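Colleague: Have a look at the structure that comes next, please.
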Amino acid sequence: MPVIFHEGAKEFHLFNQTLSYVLNVLPNGQLGQLYYGKRIRDRASFSYLMETSCRPISSWPMKELPNFSLEFTRQEYPSFGTTDFRQPAFEINQPNGSHISNFVYLSHSITAGKPDWAHMPHSYVESPEEAQTLEIVLADAVTGVELTLSYTVFEQISAIARSAKFTNKGTDPLRLERAMSLCVDFPDDDFEWMQFSGAWARERAPKVRKLEMGVTAIESMRGHSSSHENPFVILKRPNTTEASGDAYGFHFVYSGNFLAQAEVDTFNVTRFTMGINPRQFSWKLTPGESFQTPEVLMTFSPDGLNGLSQNIHTLLRTRVARGPWRDQPRPVLLNNWEATGMEFTEESILNIARKGAEVGVELFVLDDGWFGHRTEFSGLGDWYVDKSKLPNGVKGLADKVNALGLKFGIWIEPEMVNEDSDLYRAHPEYVLATPQRSMSLGRSQLVLDFSNPEVVDCIYHQLVESFEGANISYIKWDMNRSITECYSRHWPADQQGEVYHRYILGVYSLYEKLLAKYPHLLFESCSSGGCRFDAGMLYYAPQAWCSDDTDAMQRLRIQYGSSYGYPISSWGAHVSECPNQQVGRSTPIETRANVAFFGAFGYEMDLNELTDEEIEVVKRQVQFMKEHRQLIQFGTFYRLMNPYTNDKGAWMVVAPDQSEAIVGLYQQMNQVNTGFLQVHLQGLNPDWDYEIDGKLVRGGDELMSFGLMPQDASAHPLAMLFDPDGSIDLMGDYDSKLYHLKAIHHGS
Ligand code: DGJ
């Protein structure tokens with residue numbers, strides 16, 4: 001039973017094999033927090049874990065409790081305004097202008113499984129035995145608001161899903177000015193904060209800093225989760241490495257504005273909160289209505305960052321992502337964007353697709369440019385086919401692509417409109433824009449007001465009509481600008497603080513509608529590459545275009561950084577032409593694939609431009625991926641060498657039964673006469689021997705303890721190798737090698 005309630009002590013102990021989380025009802029009736037970390041044995045009471053001694057000059061929330069101050073109390077979902085001066089979890093603005101509230105414990109329930117929500121992404125279970133859900137109801141007597149805090153503890157995955165729900169059971173309308181999804185008050189501040197930051201084309205670079213007194217925070221106010229800060233944070237102990245030590249993960253299952261922050265107070269208590277960004281958020285809660293926060297997934301590992309990531313990979317891949325593609329190896333795809341941009345004809349597209357069929361690609365994706373009068377400055381919002389490019393419509397092209405033996409996929413950017421479009425001319429009120437203020441353009445486009453269900457419906461019907469009869473297997477859903485001058489003409493003045501959130505709910509509703517209509521579809525989310533790469537999107541689209549940067553060396557880093565918080569199957573990774581269109585670098589085609597294999601693999605080029613020799617290489621690459629994608633996309637992933645801090649980078653995947661593994665080793669800038677390289681492998685069976693590329697046999701124990709050995713010339717491509725004929729094979733910049741390990745079982 002992963003949730004135990006100790007009636008006498010009024011304490012809840014939530015646990016699974018790996019973690020424990022303990023909270024209690026405080027003397028003033030509010031909720032306190034006693035412990036979060038490695039699994040501990042249950043006790044009748046953990047009340048001694050709460051330090052109660054008051055400090056001088058403290059104030060007490062109740063005259064009757066002179067030794068109790070919220071200022072020194074670790075709390076579950078704190079408010080601001082009485083005796084706690086730290087960042088609160090929520091704020092309710094009341095008709096008389098007061099923000100003070102006092103939510104006291106009312107009741108709780110413990111149920112098997114996890115309740116479903118209709119309108120927002122969330123983690124789920126497939127059978128009630130997988131998890132237990134604790135719901136604690138608290139009430140504020142003055143406003144009549146009821147607060148329900150939900151905790152789902154997964155039995156087999158080291159995770160707790162949390163959210164909060166406010167229901168106005170009073171008689172006055174209220175304003176929710178802040179509604180974070182969770183708060184955790186850790187008793188100390190001995191943590192390093194890890195965030196995943198960047199910008200367009202250099203997403204999710206890990207950044208680490210020690211927590212200090214004060215606030216450490218990341219956020220997005222762009223209307224999407226953004227490439228600048230990813231809504232995923234790790235708190236780790238300073239001595240935690242990839243292989244050992246405690247690490248706590250926090251994922252916001254949401255795709256809009258967010259705030260994640262840790263506040264260390266003067267007594268070294270660390271308060272972590274995560275949720276919808278309170279800036280520009282104000283939700284009108286009329287009597288009888290509820291507001292449900294999005295979910296945060298808390299994950300914990302005592303086995304280092306690789307342990308944390310592996311646990312997260314399982315959680316996001318199997319209990320957030322959904323649909324028929326969730327557990328299926330992803331098709332090898334070919335996308336025309338870097339080959340043609342928006343300039344193409346049906347014939348030029350078929351020419352590219354034909355070459356794809358020849359090399360064994362399984363899915364052809366037609367990118368931007370097929371609709372309206374599409375140019376860089378026009379066409380978005382007009383989802384009817386451009387007959388000058390596709391005279392036979394989407395169906396005509398899809399049929400021809402299908403006839404080549406390929407599945408057909410298509411690009412859309414449903415949230416956007418160009419001023420030069422039929423939709424904007426007919427409905428200028430459909431965009432987010434502030435009256436009497438100028439509108440900022442991004443990529444020459446405006447953002448449609450998806451907080452208005454009529455706009456969502458209009459786009460849905462247009463898409464369905466243009467896809468009529470076409471056998472579409474895949475959709476790439478793009479989103480290429482941030483929201484500015486956010487204002488909806490659909491909502492009254494006193495509900496403008498709801499627009500950012502309602503916008504994202506509109507995006508989710510369109511995903512739901514399209515999935516209901518086309519349940520077999522594989523969605524790939526995209527936002528100028530990885531600008532909306534979050535756990536919320538994964539619920540609808542099991543993969544996301546990782547980055548617009550397709551250079552192998554940059555991708556090595558971006559994919560390495562992404563792997564901390566997201567599974568390998570969740571990102572699209574393509575081989576593109578060289579010199580690379582983003583950075584101008586030329587890398588070997590083998591290395592481009594050796595990086596892209598670790599993802600949902602594909603090509604982003606006109607394969608007709610390759611030499612015959614290169615085409616033979618590509619055929620072998622496609623074959624390799626088809627043979628090994630089950631292992632790569634669904635195996636256990638380990639980061640081995642960090643390309644942000646080394647000349648080289650390395651990672652590996654291991655089969656669940658340890659019978660097989662693939663190691664990727666990558667050279668960035670070559671150096672000469674360097675120290676010997678040992679790549680310490682992980683996850684192998686120490687008692688088994690492994691055959692490496694059918695050539696060498698080495699022990700699992702030595703491969704992990706000593707490492708894949710540089711002296712082992714035949715297994716090591718990144719050193720100076722002397723061929724038998726006496727020539728020197730000097731491995732150069734951007735080189736790479738994959739090692740395929742197969743276990744040789746002993747007789748026993
Ligand atoms: C941005 C995406 O990231 C690209 O892959 C491509 O689809 C373009 N948009 C098309 O406009």
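Colleague: Scanning for something crowded, with 24+ Cβ neighbours inside 10 Å, modelled with pLDDT of 95 or more and under 22 Å from PRO187 (Cβ atoms), does the stretch 285-294 turn up at least one residue?
Modeller: no
Colleague: When you scan the stretch 699-707, do you find a residue that is in contact with a helix residue (DSSP H, G or I) (Cβ under 8 Å, 6 or more places away or on another chain), surrounded by 17 or more Cβ atoms within 10 Å (Cβ to Cβ), under 24 Å from GLN559 (Cβ atoms) and at pLDDT 95 or above, even just one? Before you say what the answer is, go through the steps one by one.
Modeller: Looking only at the stretch 699-707, we keep the residues that are in contact with a helix residue (DSSP H, G or I) (Cβ under 8 Å, 6 or more places away or on another chain), and these are none.
The answer is no, given that none of the residues of the stretch 699-707 is in contact with a helix residue (DSSP H, G or I) (Cβ under 8 Å, 6 or more places away or on another chain), surrounded by 17 or more Cβ atoms within 10 Å (Cβ to Cβ), under 24 Å from GLN559 (Cβ atoms) and at pLDDT 95 or above.
Colleague: Moving to a separate point now. From the list ARG279, ARG319, ARG326, which residue is over 28 Å from GLU135 (Cβ atoms), of a type in the set (Lys, Arg) and in contact (Cβ under 8 Å) with a residue 40 or more places away in the chain?
Modeller: None of the others qualify; the one that does is ARG279.
Colleague: When the stretch 435-488 is examined, which residues are found to be buried (at least 17 other Cβ atoms within 10 Å of the Cβ), in a loop (DSSP other than H, G, I, E, B) and within 16 Å of the ligand (Cβ to nearest atom)?
Modeller: Of everything in the stretch 435-488, those that are buried (at least 17 other Cβ atoms within 10 Å of the Cβ), in a loop (DSSP other than H, G, I, E, B) and within 16 Å of the ligand (Cβ to nearest atom) turn out to be ASP478, MET479, ASN480, ARG481, SER482.
Colleague: If you don't mind, another one. For GLU91, are the conditions met, namely being buried (at least 18 other Cβ atoms within 10 Å of the Cβ), over 31 Å from the mean Cα position of the chain (by Cα) and not in a loop (DSSP other than H, G, I, E, B)?
Modeller: Taking the combined requirement at face value, the residue does not satisfy it.
Colleague: Further, regarding this structure: List every residue pair whose Cβ atoms sit under 6 Å apart, with the two residues 6 or more apart in sequence or on different chains, where the first one lies in the stretch 504-532 and is without any contact (Cβ under 8 Å) to a residue 40 or more places away in the chain and closer than 16 Å to VAL253 by Cα and the second, anywhere, is more than 16 Å from the ligand (Cβ to nearest atom) and part of a loop (DSSP other than H, G, I, E, B).
Modeller: That search, which allows pairs on different chains as well, returns TYR511/TYR540.
Colleague: Can you name the residue in the stretch 505-520 that is touching a strand residue (DSSP E or B) at 6+ places or on another chain (Cβ under 8 Å) and hydrophobic (A, V, I, L, M, F, W, C) and is also nearest to the ligand (Cβ to nearest atom) among such residues? Can you show your working first?
Modeller: Looking only at the stretch 505-520, we keep the residues that are touching a strand residue (DSSP E or B) at 6+ places or on another chain (Cβ under 8 Å), and these are 511, 514-515, 518, 520.
Add one more test, that the residue is hydrophobic (A, V, I, L, M, F, W, C), and what stays is 514-515.
Working: LEU514: 18, LEU515: 21 Å.
Among those that are touching a strand residue (DSSP E or B) at 6+ places or on another chain (Cβ under 8 Å) and hydrophobic (A, V, I, L, M, F, W, C), it is LEU514.
Colleague: Can you find even one residue in the stretch 75-84 that is in a loop (DSSP other than H, G, I, E, B) and within 23 Å of the chain's Cα centre (by Cα)?
Modeller: no
Colleague: Could I ask something else about it? In the stretch 27-43, which residues are modelled with pLDDT of 95 or more and either in contact with a strand residue (DSSP E or B) (Cβ under 6 Å, 6 or more places away or on another chain) or within 18 Å of PRO88 (Cα to Cα) (or both)?
Modeller: Answer for the stretch 27-43, where residues must be modelled with pLDDT of 95 or more and either in contact with a strand residue (DSSP E or B) (Cβ under 6 Å, 6 or more places away or on another chain) or within 18 Å of PRO88 (Cα to Cα) (or both): GLY29, GLN30, LEU31, GLY32, GLN33, LEU34, TYR35, TYR36, ARG39, ILE40, ASP42.
Colleague: Further, regarding this structure: Quick one: in the stretch 343-368, of everything that is touching a residue at least 40 places away in the same chain (Cβ under 8 Å) and over 30 Å from PHE624 (Cα atoms), which residue is nearest to the ligand (Cβ to nearest atom)?
Modeller: In this case the residue turns out to be PHE344.
To keep it simple, each residue is scored yes or no on (1) in contact with a Gly (Cβ under 8 Å, 6 or more places away or on another chain); (2) part of a helix (DSSP H, G or I); (3) at pLDDT 95 or above.
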position: LEU315; (1), (2), (3): no, yes, yes
position: VAL365; (1), (2), (3): yes, no, yes
position: GLY369; (1), (2), (3): yes, no, yes
position: LEU380; (1), (2), (3): yes, no, yes
position: LYS387; (1), (2), (3): yes, no, yes
position: PRO391; (1), (2), (3): no, no, yes
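Colleague: Okay, moving on. Just to be sure I understand, how many residues within the stretch 315-342 are over 21 Å from LEU182 (Cβ atoms) and away from the ligand (no atom under 16 Å from the Cβ)?
Modeller: Here the count works out to 14.
Colleague: Has the stretch 633-650 got at least one residue that is under 23 Å from VAL365 (Cα atoms) and crowded, with 19+ Cβ neighbours inside 10 Å?
Modeller: Taking every residue of the stretch 633-650 in turn, at least one turns out to be under 23 Å from VAL365 (Cα atoms) and crowded, with 19+ Cβ neighbours inside 10 Å.
Colleague: Which count do you get for residues in the stretch 46-71 that are closer than 15 Å to ASN24 by Cα and surrounded by 15 or more Cβ atoms within 10 Å (Cβ to Cβ)?
Modeller: 6
Colleague: Looking at PRO287 and the list (1) touching a Phe, Trp or Tyr at 6+ places or on another chain (Cβ under 7 Å); (2) more than 16 Å from the ligand (Cβ to nearest atom); (3) on the phi < 0 side of the Ramachandran plot, which single condition is not satisfied?
Modeller: Among (1) touching a Phe, Trp or Tyr at 6+ places or on another chain (Cβ under 7 Å); (2) more than 16 Å from the ligand (Cβ to nearest atom); (3) on the phi < 0 side of the Ramachandran plot, PRO287 violates only (1).
Colleague: Of everything in the stretch 407-434 that's within 15 Å of THR484 (Cα to Cα) and outside any loop (DSSP other than H, G, I, E, B), which residue is farthest from the ligand (Cβ to nearest atom)?
Modeller: TYR430
Colleague: Separate question: Which numbered condition trips up PHE523, out of (1) part of a helix (DSSP H, G or I); (2) in contact with a strand residue (DSSP E or B) (Cβ under 8 Å, 6 or more places away or on another chain)?
Modeller: (1)
Colleague: Moving to a separate point now. So, restricting to strands (runs of 3 or more DSSP E) that lie completely within the stretch 571-687, which ones have at least 3 residues that are among the aliphatic types (A, V, I, L, M)? Walk me through how you get there before you give the answer.
Modeller: Working: elements: 571-576, 600-604, 636-641, 648-654, 660-667.
Because the criterion is at least 3 residues that are among the aliphatic types (A, V, I, L, M), the strands (runs of 3 or more DSSP E) in the stretch 571-687 that meet it are 648-654, 660-667.
Colleague: Just give me the residues in the stretch 373-406 being within 16 Å of the ligand (Cβ to nearest atom), surrounded by 21 or more Cβ atoms within 10 Å (Cβ to Cβ) and small (Gly, Ala, Ser), in sequence order.
Modeller: Once the filter is applied, which keeps residues that are within 16 Å of the ligand (Cβ to nearest atom), surrounded by 21 or more Cβ atoms within 10 Å (Cβ to Cβ) and small (Gly, Ala, Ser), the stretch 373-406 yields GLY379, GLY381.
Colleague: If a residue must be under 24 Å from GLU11 (Cβ atoms) and without any contact (Cβ under 8 Å) to a residue 60 or more places away in the chain, how many such residues does the stretch 136-177 contain?
Modeller: Adding up the residues that qualify gives 8.
Colleague: Next question, about the same structure. Output the residues belonging to the stretch 393-406 that are assigned to a loop (DSSP other than H, G, I, E, B) and in contact with a Phe, Trp or Tyr (Cβ under 6 Å, 6 or more places away or on another chain). Even if it seems obvious, please write down each step before you answer.
Modeller: Filtering the stretch 393-406 for residues assigned to a loop (DSSP other than H, G, I, E, B) gives 404-406.
LEU406, the sole residue that qualifies.
Colleague: Within the stretch 171-188, track down each residue that is touching a strand residue (DSSP E or B) at 6+ places or on another chain (Cβ under 9 Å) and either surrounded by fewer than 21 Cβ atoms within 10 Å (Cβ to Cβ) or among the polar types (S, T, N, Q) (or both).
Modeller: Hits for the stretch 171-188 are PRO173, ARG175, GLU177, SER181, PRO187, ASP188.
Colleague: Which residues, taken from the stretch 529-574, are within 14 Å of the ligand (Cβ to nearest atom), over 17 Å from the mean Cα position of the chain (by Cα) and closer than 21 Å to LEU631 by Cβ?
Modeller: HIS574
Colleague: Between residues in the stretch 452-468 that are closer than 13 Å to GLU415 by Cα and residues that are surrounded by 14 or more Cβ atoms within 10 Å (Cβ to Cβ) and charged (D, E, K, R), which pairs lie under 6 Å by C-beta distance while being six or more apart or on different chains?
Modeller: That search, which allows pairs on different chains as well, returns VAL455/ASP449; TYR460/LYS513.
The values are calculated or read from the model by the stated rules, or taken from the named source; none is laboratory data. Just so it is clear, the model here is predicted, and its values are computed rather than measured. Note: ideal-geometry Cβ built from the backbone for every residue, glycine included; neighbour counts use all protein chains shown.
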